[in-house]
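S.K.: A single structure is presented below for examination.
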Amino acid sequence: MKKFIRVLIKEPGKAAEMRTIENTLESLQKIVGGYIETVTMFADLVIICNEEGRIKRMPLNCEICGVDFVGPIILAGVDGEDFGDSPKDEEGWRRLLPSLFDAEAR
């Protein structure tokens, strides 16, 4: 397992940004504000969000592939059974999901 991973983080009301974070449960929980839940989007991409985000009435963040996410989210890669580096760099994400970089987008 990699000690640090490069991921895309999107917080409600802010533009998404690439960051290098510690690849630990504690670090992921701190970013999303609680217990984590993963949503597998592709074989090499997972979205990490707050498991109780809707129950806690966290603010609406964004919509990706028809799914509304609340609270902060992390787009990370998959490395076997572990999280890995994002499968795209920031420019790749800007082309694929430009709305994530619009702070005004929901």
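S.K.: For segment 19-106, please list each of the strands (runs of 3 or more DSSP E) lying entirely inside it that holds at least 2 residues being closer than 15 Å to Ile5 by Cα.
M.R.: 45-50, 73-79, 82-84
S.K.: State whether one or more residues within segment 14-25 are out of contact with any Leu (no Cβ under 9 Å at 6 or more places or on another chain), under 22 Å from Asp102 (Cα atoms) and basic (Lys, Arg).
M.R.: For segment 14-25, residues out of contact with any Leu (no Cβ under 9 Å at 6 or more places or on another chain), under 22 Å from Asp102 (Cα atoms) and basic (Lys, Arg): present.
S.K.: Between residues in segment 5-24 that are within 18 Å of Arg94 (Cα to Cα) and free of Cβ contacts under 8 Å to residues at least 24 places away in the same chain and residues that are surrounded by 16 or more Cβ atoms within 10 Å (Cβ to Cβ) and not β-branched (Val, Ile, Thr), which pairs lie under 7 Å by C-beta distance while being six or more apart or on different chains?
M.R.: Taking only residues 6 or more apart or on different chains, the pairs are Thr20/Arg6.
S.K.: List every residue pair whose Cβ atoms lie under 9 Å apart, where the two residues are 6 or more positions apart in sequence or sit on different chains, the first residue falls within segment 32-52 and is over 17 Å from Ala16 (Cα atoms), and the second residue, located anywhere, is open to solvent by 80 Å² or more (accessible area, probe 1.4 Å) and at pLDDT below 95.
M.R.: Met41/Cys65
S.K.: Among the residues of segment 70-105 satisfying the criterion of being among the small types (Gly, Ala, Ser) and closer than 22 Å to Lys30 by Cα, which is surrounded by the most Cβ atoms within 10 Å (Cβ to Cβ)?
M.R.: Per the stated criteria, the residue is Ala76.
S.K.: Can you tell me which condition Met1 does not meet? The list is (1) of a type outside the set (S, T, N, Q); (2) modelled with pLDDT under 95; (3) in a strand (DSSP E or B), and all the others hold.
M.R.: Condition not satisfied by Met1: (3).
S.K.: Okay, moving on. Being β-branched (Val, Ile, Thr), buried (at least 19 other Cβ atoms within 10 Å of the Cβ) and in contact with an Asp or Glu (Cβ under 7 Å, 6 or more places away or on another chain) is the requirement here; does Ile36 meet it?
M.R.: Judged against the criteria, Ile36 is not a match.
The values are calculated or read from the model by the stated rules, or taken from the named source; none is laboratory data. The structure presented is a predicted model; accordingly, all values stated were derived computationally and were not measured. Every residue, glycine as well, gets a Cβ built from its backbone with ideal geometry; the counts of neighbours run over all protein chains shown. Surface areas here come from the heavy atoms of the whole protein model, side chains and all, with no ligands, DNA or RNA. Shrake-Rupley method; radii C 1.70, N 1.55, O 1.52, S 1.80 Å.
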